[in-house]
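The values are calculated or read from the model by the stated rules, or taken from the named source; none is laboratory data. Since the model is a prediction, treat every value here as computed from it, not as a measurement. Neighbour counts are summed over all protein chains in view; Cβ atoms, including those assigned to glycine, are modelled from backbone coordinates with ideal geometry. Remember, those area values only see protein heavy atoms, side chains included, never the ligands or the DNA or RNA. Shrake-Rupley method; radii C 1.70, N 1.55, O 1.52, S 1.80 Å.
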Amino acid sequence: MSAAPPVVLVLDDEELLRESLALFLENFGFIVFQATSAENALALLSGLPCQAVVVDIRLPGMSGLQFIEKAHSLWPQLKFLIYTGSPGVFLSPEVLAAGVTPDNLFTKPATDLSHLARALRRLLTAP
Amino acid sequence: MKVPLRALWARLTGLSITSMLVGIVLLAALPAMTAIIWTGFDARSRAEAEAAYQLSIVSHSLAVAQRTITGQAINLLHSLAAADPVRSRDMPAASVLFASILRERSELSNLFVTDASGRVMASGLPSFMGVDLSDRKYFRDVVEANAASVGDFILGRTTGKPVMVFAVPLHGADGSLAGVLGLSYFLDGYENLLEGLEMPRHARVTLLDHSGRRMVAYPASPGYPLGQPAYPPAWARMRDSAVDEGVFVGPRPTGEAALFSFIRLRLTPDRPPYLTIVITSALSEAYANANALLYRGLALAGLATVLALAIARLAGQAAIGRGLATLGAAAARLAGGDLAARVESSLGALELQQLGRNFNAMADTIETRERQLAEAAKALGKVRNQLNNILESMPSAIIGLDAAGRVTHINAQAVALFGLTRENVVGSDAARSVPFLAEHMPTMEAALRERRSMVLEGMPLRQDGDTHLMNMLFYPLVANGVEGVVIRVDDVTERERLRELMIQTEKMMSVGGLAAGMAHEINNPLGSILQAAQVVEMQLDPAVPANQAAAAQAGVTVEAVRAYLEARKVLKFIAGIREAGVRAAGIVSSMLEFSRQSDSRRAPVDARIMANKSLALAESDYDLKKKYDFRHITVIRNYPDSPVEVVCAATEIEQVLLNLLKNAAHALAVVADPTRKPTITVGIRAQPEAVVITVADNGPGMDEAVRARIFEPFYTTKPPGEGTGLGLSVSYFIIVNNHGGTIRMDSALGQGAVCTITLPRRENA
């Protein structure tokens, strides 16, 4: 924790989920911003020093996967972790190119958010 | 009368053709013979008439000659009576005159004059003088009739030759009889006369005097002596005849029949006949010609008949006999089975040729029939073979029964299915020889009675300890008067199983689709619940600095809040919320398995290693340990020594095996029987195209109702909360949908349970 706390963005349209996750990650030592839609997230990212985004797939407007493609093209250093209620997400080559691996794919409901939090930390410390 | 005629007719028509032909020829010859014989007899009668005519002509000629002689003699006597010496009774002069006349007329024997007493007074022959002639017939006749008369047969007193005497009366001046003037005539003169006469050959001329004695017999013959009475029968007929001339057939003295023509001569019609002229001819002679004709005719007819017989025989032989013999031989060959027997066309008569052609046509027909029959039999045999082949190659067991319930046919499948031998079954009572059919005989009878097919489905047949399900079709045979029933038995066990599986699969698919749709909707709120609960717990954690800060701001301590929440059991409820949420999440995630395409990598793995991994997991399973300690269960591994490779997603198969092991352990935990050692047997068998993995337990087993639903989602026999009812259905999905294999549960109450998994060895899904 000596280094500056990592800054992440939680993108989810469901408020309770988004806030509880954000709260949990804050307690875990992250600086957490919240976005309610992909468009909203893109707008926020342009002004925030986020290092990673926790992405829900099913969103109003642009989908989570489209968001990843778009965001990756804008900020290639940005890391992504998918947290979705949809089973059987298909990881397209573009999404894989953005560094999303099956290890960074979590399905709702998470029985213990600490798994997700640890995965997020690993993602950010990875080279 | 009729019957013998018919018998005769039958005998006649039953004769051989040769005999018939002879008969026909003879019958044909009969009219000719009759005609010839009739002509012969006719000729004979005409010859007889001709002879009679000729004889009567001769007799008339003789009669005319005789009358002339008699007339001349009487005239001569009348002339001499008027002559001077006689008229003057100058006897010596009369004698001289008579002598001179005798010299002139050699046919005269004598001329003489008697006195009234019959004494010869004058005579041409001196020796005759003085002879008393009063006893002579002619003298008595003249005296009696006072007219001319003719004497009977006498021999000349001086000459000794037969003579005939004519006499006339001499009257005195007073007209009284003074004497008799007589003339004797040599009868041998007749012969000259007769010789000059044209007479039929063989004719015999006889002159008879008034008493029937022969005066002349020509030609002379010792059998006809002169002066002797004629043959009395013939003479009697001539003497007694009503008329003076006639023709009749009578016997000759020699006995032969002869034709008699006679004429009786009288000097005057009122006086008795003085002479009878008789001409005879033997009938044989008269008939000779006719007979010769007849015999010749008969001989010719006979010869013609014989010739006709010979020709008939030859011609019959040529026209009929040979043909018939040929036909007969051919018919015999045909009857003997030589169907190629034919006759050539040259059989003889037209009818026979026709017969021959008909025979050939008949033989052709028979041969064709025979061939058709043979072909039909061959075709029938072929059809029978085909039918047999069809029956034998059918997958169904086929048993044919007659109306009495006896087995008429049984195919190989039926023999195999019921473990029978064909020889023992065919012809025997079906209910006895095929025990399975015994209880179904009423159905068979009903099918026969109602003439409609009957179906029994899913009839259980115990076989080697297994129960197989049979569908039975009873089909009544009522065509062509054949009564019986064909029973088709199909083992539908496998089909039923497949059907079960298909239903299962469909159920799973619908559950999968539903789950996929639901999952997201449920997962999000579930996520909210779980996350919120976790965050609530986290916010009550005294170790979190932000919590202490917030509590201080509120004038409480985190510890105090926790103590309160502890006392009011709020923390316990929050933990309960999390736990329930986790369980719900598990169910949803299991349900998602139904729709998820296997995304695990497929790779060749050793089935033994997979099984061992699953066993290890089961032994360390936390849930299992709670109630059913795996260490109390004997595990038997029936593995081959060598690796059993199968291409699959190893983690999925391991999950399936774990499920099965858990189920087995649960089942074994129920058993309270201390004598039975709880055992799980894991078997692995390598087949050419598949690997078979079995997990068997010796637990309580299950009944059919349970077994049938065992793979259904949410079907569970465990108490609520202990099982989701998804384990086996997920296993089913993994094996059937993801790996193209099969999974089957076999069990019965008290028999334990065996789950059999068959996995294709190569990836094919």
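Are there any chymotrypsin sites (Phe, Trp or Tyr not before Pro) in the stretch A:57-93 that are in a DSSP loop and have at most 12 other Cβ atoms within 10 Å? List them by number.
Loop-located and lightly packed - A:PHE90.
For chain A, modelled as a GNM with alpha-carbon contacts under 10 angstrom, which of A:LEU25, A:LEU78, A:LEU113 fluctuates the most?
So, out of A:LEU25, A:LEU78, A:LEU113, the one fluctuating most is A:LEU113.
Which length gain, in nm to one decimal place, applies between B:LEU303 and B:ASN360 when the Cα-Cα distance is subtracted from 0.36 nm times their residue separation?
16.4 nm
Work out the length of the dipole vector of the protein assembly as shown about its Cα centre, built from +1 on the beta-carbon of each Lys and Arg and -1 on the beta-carbon of each Asp and Glu, and round it to the nearest 20 debye.
It comes to approximately 2560 debye.
Dipole of the stretch B:629-765, Cα-centred, from +1 at each Lys and Arg C-beta and -1 at each Asp and Glu C-beta, to the nearest 20 debye?
That gives the stretch B:629-765 a dipole magnitude of about 160 debye.
In whole Hz, what ³J(HN,Hα) sequence does the stretch B:323-339 give by Karplus (6.51, -1.76, 1.60; θ = phi - 60°), x for Gly and Pro?
Ordered by residue, 3J(HN,Hα) equals x, 5, 4, 4, 4, x, 4, 5, 5, 5, 5, 4, 4, x, x, 7, 6 Hz.
Starting from the Cα gyration tensor of chain B, multiply each eigenvalue by 5, take the square root, and state the resulting semi-axes largest first in whole Å.
177, 22, 20
Taking the inverse of the average 1/r across all pairs of different Cα atoms in the stretch B:645-714, what Kirkwood radius in Å do you get?
Answer for the stretch B:645-714: a Kirkwood hydrodynamic radius of 14.0 Å.
Near the amide H of A:MET62, under 5 Å away, which other amide H atoms are found, from residues 5 or more places off or on another chain, if H is placed in the peptide plane?
Under 5 Å from the amide H of A:MET62 lie the amide H atoms of A:ALA38, A:GLU39, each far enough along the sequence or on another chain.
Using a Förster distance of 51 Å, how high is the FRET efficiency between B:ALA376 and B:THR13, based on the Cβ-Cβ distance and rounded to 0.05?
Once rounded, the FRET efficiency stands at 0.75.
For chain A, what value does the Rg/Rh ratio take when both radii are computed over Cα atoms and Rh is the Kirkwood radius, given to two decimals?
0.91
Can you give me the orientation-averaged projected area of the convex hull built on the Cα atoms of the stretch B:394-491, in nm²?
5.9
Give a quick list of GluC sites (Glu not before Pro) in the stretch B:328-377 that DSSP marks as loop, anything other than H, G, I, E or B, with at most 14 other Cβ atoms within 10 Å.
Sparse-neighbourhood loop GluC sites (Glu not before Pro): B:GLU344.
Over all alpha-carbon pairs in the protein assembly as shown, figure out the percentage whose distance exceeds 56 Å.
61
List the residues whose amide H sits under 5 Å from the amide H of B:LEU477, counting only those 5 or more places along or on another chain, with H placed 1.01 Å from N in the peptide plane.
Those lying under 5 Å, H to H, from B:LEU477 are B:GLY484, B:VAL485, B:VAL486.
Between the helical axis of B:17-82 and the dominant principal axis of chain B, each derived from Cα atoms, what acute angle in degrees is found, rounded to the nearest 10?
It works out to around 10 degrees.
If you average 1/r over all unlike Cα pairs in the stretch B:83-189 and invert the result, what Kirkwood radius do you get in angstrom?
When all Cα pairs of the stretch B:83-189 are included, the Kirkwood radius is 13.5 Å.
Evaluate the charge dipole of chain B about its Cα centre and quote only its size in Debye, nearest 20, assuming +1 on the Cβ of each Lys and Arg and -1 on the Cβ of each Asp and Glu.
Around 840 debye, computed over chain B.
Cα axis of helix B:91-104 to longest principal axis of chain B: angle in degrees, 0 to 90, nearest 10?
With rounding to tens, the tilt is 40 degrees.
Report B:ASP84's accessible area, 1.4 Å probe, all protein chains in place, as a number in Å² to the nearest 10.
Spelled out: B:ASP84, probe radius 1.4 Å, area about 90 Å².
Accessible area per residue for the stretch B:83-189 in Å², computed with a 1.4 Å probe and the full protein assembly in place, what is it?
42
Place a label point 7 angstrom from the Cα of B:ALA99 along the Cα-to-Cβ direction, then list the residues of the stretch B:115-152 whose backbone nitrogen is under 19 Å away.
B:120-131
Given a Förster distance of 56 Å, report the FRET efficiency between B:SER117 and B:ALA49 from their Cβ-Cβ distance, rounded to the nearest 0.05.
Rounded to the nearest 0.05, the efficiency is 0.55.
Along the charge dipole of the protein assembly as shown, pointing to its positive end and built from +1/-1 on Cβ of Lys, Arg, Asp and Glu, which listed residue (B:ALA51, A:PHE67, B:ALA376) has its Cα farthest out?
Projecting each Cα onto the dipole axis, the largest value belongs to B:ALA51.
If you roll a 1.4 angstrom probe over the protein chains with everything in place, what fraction of the accessible area of the protein assembly as shown belongs to carbon and sulfur, to the nearest %?
Taking all protein chains in place, the protein assembly as shown shows 59 percent carbon and sulfur surface.
Using only the alpha-carbon atoms, how far is helix B:493-539 inclined from the longest principal axis of chain B? Give it as 0 to 90 degrees, nearest 10.
10
Taking H placed 1.01 Å from N in the peptide plane, check which residues at least 5 places from B:ARG119 or on another chain put their amide H under 5 Å from its amide H.
B:LEU133
What does the buried accessible surface come to for A and B, summed over both chains, with the probe at 1.4 Å? Round to 100 Å².
Using a 1.4 Å probe on protein heavy atoms, the buried area is about 1800 Å².
Beyond 26 Å between alpha-carbons counts as too far, so tell me which of A:LYS108/B:LYS569; B:LYS613/B:LYS677; B:LYS137/B:LYS161; A:LYS70/A:LYS108; A:LYS108/B:LYS572 fall in that bin.
Over 26 Å apart, Cα to Cα: A:LYS108/B:LYS569.
Can you pull the Kirkwood radius for the stretch B:1-106, inverse mean 1/r over Cα pairs, to one decimal in Å?
21.3
Protein chains only, probe 1.4 Å: how do B:HIS202, B:HIS632 rank by accessible area, largest first?
Descending accessible area places them as B:HIS632, B:HIS202.
For chain A, what does -39500 (n - 2.57) per DSSP helix run (n ≥ 4), summed and divided by total residues, give at 222 nm, in deg cm²/dmol to the nearest 500?
Calculated from helices alone, the mean residue ellipticity at 222 nm is -11500 deg cm²/dmol.
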